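No value in this document is a laboratory result; all are computed from the given coordinates. Since this is a predicted model, take the numbers as computed values, not measurements. Cβ coordinates were reconstructed from backbone atoms using ideal geometry, including for glycine residues, and neighbour counts include every protein chain displayed.
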Amino acid sequence: MKKTLVALAALASVSAFAQVTITGNLDFAGARFGGTMNGNKGTTITTGHGTSSTSSINITATEDIGGGTKITAFYGIDPRTFSNDGYSVANNIPSTATIPAGTVTTGLGRHEAYVQASGGFGSLKIGAPNAPGLDANGISQPLGTGVGSGFGGASSNTLMGRSVNARYSRSVRYDTPVMNGFSGHFTFAPGGDQAAVVAGATAYAALHYPNARRATESALRYSNGPLNAIVVNIRGAAMTNSTGYLSLGSNAATTTAVSSTNHNLVAANYSLGNTTIYASMGNGGSINVPTAAAALASDKSTRYGVKHTMGPIDLMVAYTKVVTSAVGTTATVNTNATGFRGDYNLSKTSAVYLGYEKYDSGSASTATSVSNGIRNITSVGLRKSF
């Protein structure tokens, strides 16, 4: 009892300077994986691809320093890395090709993390804040990043364009104040291009951090009444060394220089009573395998989705397609995903759901690939936020 009182007193003294809150979301599903894609077969209990949402435990500490300015520290913990379902943070799929059988994936994974200053000037975040490209995904996709969306996993986020990432580990983000529904958003990751130290794939394995691509994301957003819309430009600088950590696509087997990338996205949703309509389109030049034969590829993406609410039930369906072509050729690759999910909301913070996804990479399955072919997912799950 005495130790408890001492702990409470210590917490109260800290709270006098900063308000600390713990929030989060846990999502587990029973999922069946099938199709022609290697490493994506069988039935499992998963916290990765196949659930309806991202599991996260969030710690937030906020201090009011006066003058309308607040300083906030935010750290998102990924509890999925403690699961024993063959989940890989890198690939987000239950694949024995990624993690050997019997391996327990433990550790302290990280989601979004940053220190923030906010006030009348807007918001400035330093660390690993989410990027505007992820905002565009949320605006145009009723399924979010969950089952049916095709986001993450073997799709490598290609379903919003090959250049879209959730966040950059070493970046800064500025958000302007909202004026008449309009707001501006800007993310900059300085990267750190450096000469190759060891030739070929060995250099990648050595992880010569902070070797990374310089990236910028600029967005203009409008939210007013039933309409939400955003325009995003995503740019990646050229690199002389393709090994190491590349925020916008990587090739571990070559030190060939990679070209700069430029991608544009337009996304919107509009609510009509209990029904919301979603759409997006994108185009740009993006990284393919950086060889002399095909150094640069272009892609065009489209998405359509609908969400309808009937009392405690939310019904969602979406279709996304990305057509990629190599420069100077007429050959194209059609990557697409069709998804459905039905949520039954037990309360404001908990729900059960049934989800389905068909992801087609547009490329034939091979014996050595865990990303080519077709992947089908059917899942039933339960989530709880707090």
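Would you pull out the residues with amide H under 5 Å of residue 372's amide H, same chain only if 5 or more places away, H placed 1.01 Å from N?
HN-HN under 5 Å from residue 372: 38, 366.
Whole-Hz ³J(HN,Hα) for each residue in segment 345-360, computed from phi via Karplus 6.51 cos²θ - 1.76 cosθ + 1.60 with θ = phi - 60°, x for glycine and proline: what do you get?
7, 6, 7, 6, 10, 9, 7, 9, 8, 10, x, 9, 9, 10, 10, 10
Give me 185, 49, 263 ranked fewest to most by other Cβ atoms within 10 Å of their Cβ, as a rough exposure proxy.
Lowest to highest Cβ neighbour count: 185, 263, 49.
Sorted by mean Cβ packing within 10 Å, highest first, what order do the peptides 266-277, 214-225 take?
My ranking of the peptides, most packed first, is 214-225, 266-277.
To make sure I understand, if each residue's beta carbon is the centre and we count other beta carbons within 10 Å, what order do 317, 322, 147 fall in, fewest to most?
317, 322, 147
Along segment 129-142, what does the Karplus equation 6.51 cos²θ - 1.76 cosθ + 1.60 (θ = phi - 60°) give for ³J(HN,Hα), rounded to whole Hz, x for Gly and Pro?
Along segment 129-142, the couplings run x, 4, 9, x, x, 5, 4, 5, 4, x, 6, 9, 10, x Hz.
In whole Hz and in residue order, list the ³J(HN,Hα) couplings for segment 277-284 that follow from phi through the Karplus curve 6.51 cos²θ - 1.76 cosθ + 1.60, θ = phi - 60°; x for Gly and Pro.
Taking θ as phi minus 60°, the curve returns 9, 10, 7, 7, 8, x, 7, x Hz for segment 277-284.
List the residues, sorted by chain then number, that are 5 or more residues from residue 147 or on another chain and whose placed amide H is less than 5 Å from its amide H.
50, 51, 52, 53
Sorted from fewest to most neighbouring beta carbons within 10 Å, what does the list 321, 384 look like?
384, 321
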